[in-house]
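What follows is one structure encoded as structure tokens, with my remarks underneath.
Only the coordinates and a few stated rules stand behind these numbers; no lab work does. Values in this document were obtained by computation on a predicted structure and should not be read as measured data. With ideal geometry, Cβ positions are generated from the backbone for all residues, glycine too; neighbour counts draw on all protein chains shown.
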Amino acid sequence: MKIAHSPESQHFLHVDCITQNRPASSFPWQKKKDGSAILQNFSLSLKQDERVGLVGCSGCGKSTLLKAILGLEPLTGGMIYCEGKRVQPGSVASLLWYRQRVQYLPQDPVSSLPPMQKVKDILNEPLNRLRNTKKDAIYLRNALEQVELSHHVLDKSIAQLSGGQAQRVALARALIIKPDYLLADEPVSGLDLPLREQIKTLLLNVAKENNMGLLMVSHDISILVGLCERMLIMADGQIIEDRPTAEIIHSPHHQHTRQLLDAVPELSLPVGNDG
Ligand SMILES: Nc1ncnc2c1ncn2[C@@H]1O[C@H](COP(=O)(O)OP(=O)(O)O)[C@@H](O)[C@H]1O
Ligand SMILES: [Mg+2]
């Protein structure tokens, strides 16, 4: 397979000057926005083992960016590189290669799982599609162990699980092929506070154990503190701050960042925290 190489090949992921336009809307009152850019000439580089938080108000383009990085929707312009190889736009083969490295945890992951399907079938699906492995119980057990679920859930359907258990299955599904990088779109926003903390700790442990990078979207900065060492603040389709999390928390440069921090009054950075 012939794959174009990027000048930024030292980075694991490189978003090279992408533009993503709004698709045509079926709602007449939104027609005037049709075709306008959500992201315009947007660039970003991510290292393989770094954990990065992406924060911004609703509608600023966070999900659009994640979907563009993943190649879920065709780009209006620009390119995405992984390990220096162009994957967007790219061939089916390069996309398959890419999916083995970069996985996605969608917003509200539980509702993205078929409720009547058994957990073992949900976990086997990416193995069959991306790893070409024989169905092997050991893979399933390891994935469940990573997310601290008992193997007894394998024969249950998603509808039979609690919200927290289903969330863990969604995470196990993304982790089972051992990706190098995980893109997570507000994976904890639908959960209550104790569950959020549990999933946050789980993500941190899994990322460290597997040497896996993470780009995690959240509108709640407190979830990212202690998890992500680098933080991106996004507004209106652009990154307005890109600095270590601790620096942003202690001395935000931008008025918009200050407003986001003010929305989390209980936020305080633990001493000796690495995030
Ligand atoms: N499929 C779509 N059709 C039309 N507009 C869209 C679509 N997806 C996103 N948008 C618009 O693009 C902007 C960014 O959306 P999104 O990336 O979902 O923001 P965020 O995830 O930061 O809340 C919003 O103004 C949203 O209305
Ligand atoms: Mg979103």
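Under 17 Å Cα-Cα from K67, which aspartates and glutamates qualify once same-chain neighbours fewer than 8 residues away are excluded?
D16, D108, D185, E186, D236
Rounded to the nearest angstrom and ordered from largest down, what semi-axes does the equivalent ellipsoid of the range 13-262 get from its C-alpha gyration tensor (root of 5λ)?
For the range 13-262, the ellipsoid semi-axes come out as 29, 22, 18 Å.
Taking square-rooted eigenvalues a ≥ b ≥ c of the alpha carbon gyration tensor, is the range 46-131 rounded, prolate or oblate, where a/c under 1.5 means rounded and, failing that, a/b exceeding b/c means prolate?
Because a/c hits 1.5 or more and a/b fails to exceed b/c, the range 46-131 counts as oblate.
Mind checking the dipole of the chain: about its Cα centre, +1 per Lys or Arg Cβ, -1 per Asp or Glu Cβ, Debye to the nearest 20?
So the magnitude is around 1040 debye.
Per residue of the range 156-169, what does 6.51 cos²θ - 1.76 cosθ + 1.60 with θ = phi - 60° give for ³J(HN,Hα)? Whole Hz please, x for Gly and Pro, Karplus curve as stated.
Couplings: 8, 8, 4, 5, 8, 9, 6, x, x, 5, 5, 4, 5, 5 Hz.
If the limit is 27 Å between Cα atoms, which of K47/K200; K85/K120; K62/K118; K85/K118; K47/K120 go over it?
Violating the 27 Å Cα-Cα cut-off are K85/K120; K62/K118; K85/K118; K47/K120.
Helix-only mean residue ellipticity at 222 nm, the chain, DSSP H runs n ≥ 4 weighted -39,500 (n - 2.57), per residue, nearest 500. What is it?
-8500 deg cm²/dmol
Net charge around M216, counting only other residues with Cβ within less than 14 Å of its Cβ (Lys, Arg = +1; Asp, Glu = -1)?
0
Once the other residues with Cβ under 12 Å from the Cβ of V147 are scored (Lys, Arg +1; Asp, Glu -1), what is the net sum?
0
How do M234, M79 rank when sorted from fewest to most other Cβ atoms within 10 Å of their own Cβ?
Fewest to most other Cβ atoms nearby, the residues stand as M79, M234.
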